[in-house]
Amino acid sequence: MSDVGRALGVHRVLEPSGVLPQAAWRLDADPAIGSDEVRLALQRLNLDAASFRQLSEACGGDGSAVRAAVLETVRARGKMQNAVTGSGGMLIGVVDAVGPRSPLGLAVGQRVATLVSLTLTPLAITDGLAGWDGRSEQVPARGTAILFARSIAAVLPDDLPDAVSLALLDVCGAPAATARVVERTGARSVVVLGAAGKSGCLSLAAARAAGSTHLTGLVRDDREAVALSATGLADRVLVADATDPLAVAAVVGAPAEVTVVCVDAPGAEHGAVLATSAGGTVVFFSMATSFSAAALGAEGMAADVTMLIGNGYTPGHAALALDLYRATPGVRALIDPRVAA
Ligand code: NAP
C-alpha cells in the first residue's frame, strides 16, 4: 500500500476494498495500533446534529432505541456513520498509545478532541453506552478510537468544560468557512439559517468579526427569536421555517451576498438559494443538505450563486471557534444552554 493510502487509513478499510475510510462500509476497529497510529481511550462522542435528529425521529424519541441504533451501527461498521444522513460527529478521549512513527505529535495521557469525522474513525465501544440515555447528542462512552498519520486532533483547552469544547469543535468548520467567504468576497450582508444553533451563532459572530455589517439570523420560532435577539449577534432576527423556500424569501426580502445554512433538518436548499443575491455565495454547512436539490434547484431558479460545501476543515478552525466562544457573550448565551441540555 502507498504511504498516502496508509496515512489516510486505507489499511483499516474492510469493505469495499480500495475506498478511503470515509466512504467505506466497514472499518477494522482493532485496538492494536500500527507504528504510525495513535489509540485513544474514549470518553465522549458528539453525534452530529443532523444524525442525532434523524435517529431520534426514526425512533419516535425513544432513547433506548436510539442507543441501540448507535451501538448496532458501530458494531456493524467499526465507525459511527448514520446510514441515512451519512454524517458522524467527533469525540474526545485520552491518548493511551502512540506508535513510534506517528507524526501527530501526541503524547500518552493528553486529552484530545478529534477534528476528523467519526465517519472515518475506527471505533470500538466496550460499555454498551450504559451511561447514555439516548436523548442527547453527547454520548459518554468507553472503548477505543484510532487516529491515522493524517488525522487531526486538538489538545483540549484547560479553561473550558469538556462538553463545551466538544460542541464547539464539532462545528468549528462553520465559523471558519463563513469568515473565509466574507474575507474573500468582502460581503457586507450575511443571512444565517438556523442562527440560534451552535454553528449558526458562531457563524454570525465570525461574519461580524470578518467585517460584515448587515447580519440577519433566521430562526424557527419566537422562542429562538427572543434568545437570539437578546444576544445582539444579528442586526435582524426573522422567524420562518427554513425548509419553506417561499416563506424564507418573503421574510428575508432583499437577498444577501452570503447565506450560511446551519439548520440540522433536510430541505433548506431552495430557501437558501432564494435568500442569496445574484453573484452571491451559499455555504451549505448542514449535513442534511442534498447536493442534487441544491444544484438542480439553483438551476431551476436561474440563480447565479456560488454554492460551497461546508468543509469541516479550514486551517485554524478550532482556535477560531474556541476564541469566538471565549470573546462573545452572545455565543456563550446560546451555546451553554444547549450543552447543558
Ligand atoms: P444545532 O445546534 O442543533 O442548530 C440547528 C438549528 O437549526 C437549531 O436552532 C434548530 O432549531 C434550527 N432548525 C432546525 N430546523 C429548522 C427549520 N426547519 N427552520 C428553521 N430553523 C431550523 O445544530 P449544529 O450543531 O449547529 O449543526 C448544524 C448543522 O451542521 C447540522 O446539519 C450538522 O449536521 C452540520 N454539521 C456540519 C459539519 C461539517 O463539517 N460541514 C460538522 C458538524 C455539523 P431547534 O433547536 O428548534 O430544532
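Quick note: the coordinates plus some simple rules give every number you see, no bench work behind them. From a predicted model like this one, the values you see are computed outputs, not experimental measurements. Reconstructed Cβ throughout: ideal geometry from the backbone, glycine too, with neighbour counts over all protein chains shown.
Each residue of the stretch 28-41 was assigned a 3J(HN,Hα) from its phi angle through the Karplus expression (A = 6.51, B = -1.76, C = 1.60, θ = phi - 60°), giving 8, 9, 3, x, 5, 9, x, 5, 9, 10, 10, 10, 10, 8 Hz with x at Gly and Pro. Listed peptides 162-171, 210-219, 323-332, 9-18 appear in the order 162-171, 210-219, 323-332, 9-18 once ranked by packing, highest mean of other Cβ atoms within 10 Å at the front. The amide H of Leu14, built 1.01 Å from its N in the peptide plane, has Arg26, Leu27, Asp28 as neighbours under 5 Å, considering only residues 5 or more places off or on other chains. Our summary gives the stretch 98-230 a relative contact order of 19 percent, counting only alpha carbon pairs under 8 angstrom and 6 or more residues apart. Note on the stretch 22-131: Cα Rg divided by 2.2 N^0.38 Å, N the number of residues, gives 1.09. Quick one: check the C-alpha center-to-center distance for the stretch 81-144 versus the stretch 268-340, whole angstrom. Centre-to-centre distance over Cα atoms comes out at 25 Å.
The packing ranking, built from the mean of other Cβ atoms within 10 Å per residue, places the peptides 282-290, 118-126, 22-30 in the order 282-290, 118-126, 22-30, highest first.
Under the Kirkwood approximation for Rh and a Cα-based Rg, what ratio Rg/Rh is obtained for the stretch 220-323? Ratio of gyration radius to Kirkwood radius: 0.98. The largest-to-smallest principal axis extents of the Cα set in the stretch 140-234 are 44, 34, 24 Å.
When only the Cβ of Lys, Arg, Asp and Glu is charged (+1, +1, -1, -1), the dipole of the chain relative to its Cα centre reaches about 500 debye. Using C-alpha pairs under 8 Å with a sequence gap of at least 6, the mean separation divided by the residue count of the chain gives a relative contact order of 15 percent. In summary, the convex hull built on the alpha carbon positions of the chain has an orientation-averaged projected area of 16.5 nm².
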